[in-house]
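Worksheet for the structure shown next.
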Amino acid sequence: MRRLKLRILILIISTILIAGCVAEKSSTSNVKPAITTVDKQISEDGVAVLYIFNISGWTLIPLNQEVIDGEETIVSLPRNTYKKIAVSPGIHNLRPSYRKLPKVDLKAIKGNTYYVVIGYRPERSWALPLLGDPMILKLISKDEAEPLLKELKQH
C-alpha cells in the first residue's frame, strides 16, 4: 500500500511539472514582436520607454510572468529578467495575463522612461490572505529600478 501511495505521488508531481512546461511554452504565443532597436525608435518616433521587471521569487514550477496592455500581451518574462520596450504615448492599462488585479494605469509621455515590476512573492502564500496578495504589479521609481537593472538579466 505504501508503494502504491508513493507511485501515485510521483505520478501527480510528474503531471504537474509536465503541465507547467507546456503552459510556459504555450503562454507566449500572442506576444508582440520584440522591438530590437528601442533606442533608435525612441529618437525617431518620440515614443516612451518602459522597463518591465519580473521579480518573482523561487517556485516549484517557474512560469513566465506576462503583462497585458489592454487586451494584448506585450511581454512574457522568465523569473529574474527584465525587458526594455518602446510604448506609444498615451494611456496604457497594464495587468497580469491571468488575473484582473492588480493593474497599473500608465500615462506615457513621449521621451519619458517608466519602470514596472511584476512578480509572485512566495513568502505571501495564497493560503494566508492576511499577508496580502502574493502577486505584485506596480510602477516604481528610477531609484528603485537601478538595482534591478544591475541584478536582473535582460530578456
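The values are calculated or read from the model by the stated rules, or taken from the named source; none is laboratory data. All values reported here derive from a predicted model rather than from experimental measurement. Counting neighbours? That spans all protein chains shown, and the Cβs are built from the backbone with ideal geometry, glycine included.
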Exercise. Would a scan of the range 27-40 turn up a residue that is more than 19 Å from Lys153 (Cβ to Cβ), more than 14 Å from the chain's Cα centre (by Cα) and at pLDDT 95 or above?
Worked result: no
Seminar exercise, completed: All conditions in (1) at pLDDT 80 or above; (2) farther than 24 Å from Leu63 by Cα are true of Lys83 except (2)
For this session: May I ask you to list pairs of residues, at least six apart or on different chains, whose Cβ atoms are under 7 Å apart, with the first in the range 82-111 being assigned to a loop (DSSP other than H, G, I, E, B) and the second being among the aromatic types (Phe, Trp, Tyr) and at pLDDT 95 or above?
Result: none
Problem set entry | Residue match in the range 117-130 (condition: at pLDDT 95 or above, surrounded by fewer than 17 Cβ atoms within 10 Å (Cβ to Cβ) and of a type in the set (Asp, Glu)) | no
Seminar exercise, completed: Over the range 96-116, the set of residues modelled with pLDDT under 90 and surrounded by 14 or more Cβ atoms within 10 Å (Cβ to Cβ) is Ser97, Pro102, Lys103
